[in-house]
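First the structure, in the form of structure tokens, and then the observations on it.
The values are calculated or read from the model by the stated rules, or taken from the named source; none is laboratory data. Predicted, not measured: the structure shown is a model, and the values here were computed from it. No Cβ is skipped: glycine too gets one built from the backbone with ideal geometry, and neighbour counts run over all protein chains shown. These accessible areas exclude ligands, DNA and RNA; they are computed on the full protein's heavy atoms, side chains included. Shrake-Rupley method; radii C 1.70, N 1.55, O 1.52, S 1.80 Å.
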Amino acid sequence: LVHPVVIAGGSGTRLWPVSRDSMPKQFVSLLDSGRSTFEETILRVTGEGFARPVVVTHSDFRFVVAEQLAGLGVEADIVLEPERRDSAAAIAVGALMAARRDEEAVCLVLAADHLIPDAALFTADCQRAAEGAARHGRIMMLGIEPTGPSTAYGYIAPGAPLDEAGAFAVERFAEKPDRETAETYVAEGYRWNSGNFVFPARLMAEELAAFAPAVLDAARGALDAAVADLDFLRLDAAAFGAAPRISIDYAVMEKTRRAGVLKTRFRWSDIGSWDAMFDVKDKDASGNVLEGAVSVLDTRSSFVRSDEVLTTVVGLEDVVVVTTPDAVLVTSRERAGEVKTLVAQLHREA
Ligand code: GDD
Ligand code: MG
């Protein structure tokens, strides 16, 4: 059995105004299915071969998590963080939880904010990665074929094959390189890190002990002193607050010599921006993605979305227009990533 650990505590400001501090993108219905990416993530790992999921999230999101799980009829262990300490601490908690269930547990860490249209391929790859992780004693990543020199991802240099099943050792891992470096990585056949990790729980604890002992200690202390509250497990605030704020990519993946990679084929987007979301969605004959109460004329290669308010566009190309009941975003697709800066400005003005 693979133990899924869903980390769902991130913020996702570049999908404003749909993604808000109080309701970040992973919980919003952004997909054609009408579900949130968190719900889709849970559904991908509730079938055969998976243990009861562990969800690690910020305390602020406890009710939306509980509600969406209930809506799916899925039971999970919901662990609440008193504050955001980034992914290393969240993953440490998940790995320790799994190890307490079963010393030999193999964990599958899942980001909660990814769009993966080919769910069956993804799930099959996760199971393959789990076999590889157990067999080779590796922290396995799912390596995506890059479509360009993005600086938003971790880059994996595949090394020697570990077996005939498509698992490779990792020669180097580099998180979020600059543009120039990213270009050379793409040319050299590196893969993107999809942000999902598969590993024996004990191995992750060992690697954290070696490279980020303060993270491991904080996670362990926070779990030891955790308190059950309704259906939630509340981590101890004092202990957890001592965790350094660092992602798993910098804390462990750049340093470990026990990483592995599976070269995967499923379509994937971390929907980091409206433009990234546009890329993976099906387009109409004019190359548009139109969602909700919208109508357009002579408009091409654009993403127009509205929850309620009728939203119309005439004669534009390569734009993003997103309407919610209390806020509207208009940007070129090219500059959609700058919404993050805009949101920071809104915070300052508030
Ligand atoms: N519980 C919890 N607590 N979850 C968190 C926290 C936290 O403090 N911080 C981040 N997460 C969750 C997010 O919700 C998301 O599901 C996942 O961890 C990754 O965090 P991001 O902040 O979105 O990371 P990133 O996109 O910059 O980079 C990571 O993902 C890329 C692929 O999307 C890295 O793993 C990259 O190497 C990778 O390419
Ligand atoms: Mg991300």
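For the chain, what is the accessible area per residue in Å², given a 1.4 Å probe and the full set of protein chains?
That works out to 44 Å² for each residue.
Want the number for Glu75 to Leu43: 0.36 nm per residue separation, take away the alpha-carbon distance, what's left?
Using 0.36 nm per residue and subtracting the Cα-Cα distance, I get 10.4 nm.
Give the peptides 212-225, 4-17, 325-338 in descending order of average Cβ contacts within 10 Å, highest first.
4-17, 212-225, 325-338
Roughly how many whole Å is it from the C-alpha centroid of segment 206-272 to that of segment 31-82?
Each part reduced to its Cα centre gives a spacing of 18 Å.
Using a probe of 1.4 angstrom, how much of the accessible area of the chain is carbon and sulfur, in percent?
In the chain, the share of accessible area belonging to carbon and sulfur is 48 percent.
Once the dipole of segment 114-259 is set up with Lys and Arg at +1 and Asp and Glu at -1 on Cβ about the Cα centre, which of Gly195, Val215, Ala124 lies farthest towards its positive end?
Result: Val215, furthest along the dipole toward the positive end.
Averaged across orientations, what area in nm² does the convex hull of the alpha carbons in segment 33-112 project?
That works out to 5.5 nm².
Relative to the Cα centre, what is the charge dipole magnitude of the chain, using +1 at the beta carbon of each Lys and Arg, -1 at the beta carbon of each Asp and Glu, and rounding to the nearest 20 debye?
Computed charge dipole of the chain: roughly 500 debye.
Tell me whether segment 96-141 comes out rounded, prolate or oblate; compute the Cα gyration tensor, take square roots of the eigenvalues as a ≥ b ≥ c, and use a/c under 1.5 as the rounded threshold.
It comes out oblate by the Cα gyration axes.
Each label point is 7 Å from the Cα along the Cα-to-Cβ direction; what then is the distance between the points at Arg245 and Glu188, in nm?
Modelled inter-label distance: 3.2 nm.
Find the Cα radius of gyration of the chain, compare it with 2.2 N^0.38 Å by division, and give the number to two decimals.
Ratio of Rg to 2.2 N^0.38 Å for the chain: 0.99.
Mind checking the alpha-carbon convex hull of segment 1-155 and giving the volume per residue in Å³?
About 128 Å³ per residue, rounded to a whole number.
Give the residue from Ala243, Val313, Gly292 lying farthest towards the positive end of the charge dipole for segment 233-322; charges sit on Cβ (+1 for Lys and Arg, -1 for Asp and Glu) and the dipole is referred to the Cα centre.
With unit charges placed on the Cβ atoms, the residue in question is Ala243.
Kirkwood Rh, segment 223-350, all Cα pairs: how many Å?
It is 18.7 Å.
With θ set to phi - 60° and the Karplus curve 6.51 cos²θ - 1.76 cosθ + 1.60, what are the ³J(HN,Hα) couplings of segment 190-202 in order, to the nearest whole Hz, using x for Gly and Pro?
5, 10, 7, 7, 6, x, 10, 10, 10, 7, x, 3, 5
Under the classification rounded if a/c is under 1.5, otherwise prolate if a/b is larger than b/c and oblate if not, where does segment 156-233 fall, given a ≥ b ≥ c as square roots of the Cα gyration tensor eigenvalues?
Cα axes put segment 156-233 in the prolate bin.
Once fully extended, how much extra length lies between Asp307 and Val328, figured as 0.36 nm per residue of separation less the alpha-carbon to alpha-carbon distance?
This chain segment gains 6.5 nm when fully extended.
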